[in-house]
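Let me begin by presenting the structure, written as structure tokens, before commenting on it.
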Amino acid sequence: MAVSRFQVDPDVGIPDLIHRLGDDSKRLVTDEVQLAKLEITESVHTAGHGAMWLSVAFGASVVAMVAATLLVATLIGRLAAGHMWVGAIVTAVIELAVAMIVIKRGLASFTEPSYSLEQTRKALTT
């Protein structure tokens, strides 16, 4: 493994070395800022692409859920001697029950304590 050595001019004074150090620092900061801009641009592009696919998936799932609702309502309506309104009401009640369960689970997850925050609070109070 070869080690590259810089040629050092013995006649260079401290002010010149400080000037070089300042120039190198400016170049390094400029390069870091350019790298950060490139990384942010790439991250925003990736996030936008992901958001687009997420919205397409959401739209498709809404259409699928509407179709499933119509299917269930129609099936229950046919079983109820052709009274489609009975199928619609039963389907609505089923969907409301599922929604209530999902909402209760979501609210329960918000009420659970954050473990890291609780440990931090205990450490600060003791």
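The values are calculated or read from the model by the stated rules, or taken from the named source; none is laboratory data. All figures in this text were calculated on a predicted structure; none of them were measured in a lab. Here the Cβ positions follow ideal geometry from the backbone for every residue, glycine too, while neighbour counts run over all protein chains shown.
Close contacts from the stretch 42-70, counting a first residue that is among the aliphatic types (A, V, I, L, M) and assigned to a helix (DSSP H, G or I) and a second that is loosely packed, with under 10 Cβ neighbours inside 10 Å and at pLDDT 95 or above, with Cβ to Cβ under 7 Å and a gap of 6+ residues or different chains, come to none at all. Within the stretch 83-126, the residues that satisfy the criterion of being surrounded by fewer than 10 Cβ atoms within 10 Å (Cβ to Cβ), within 28 Å of the chain's Cα centre (by Cα) and at pLDDT below 80 are Glu112, Pro113, Ser114, Tyr115, Ser116, Leu117.
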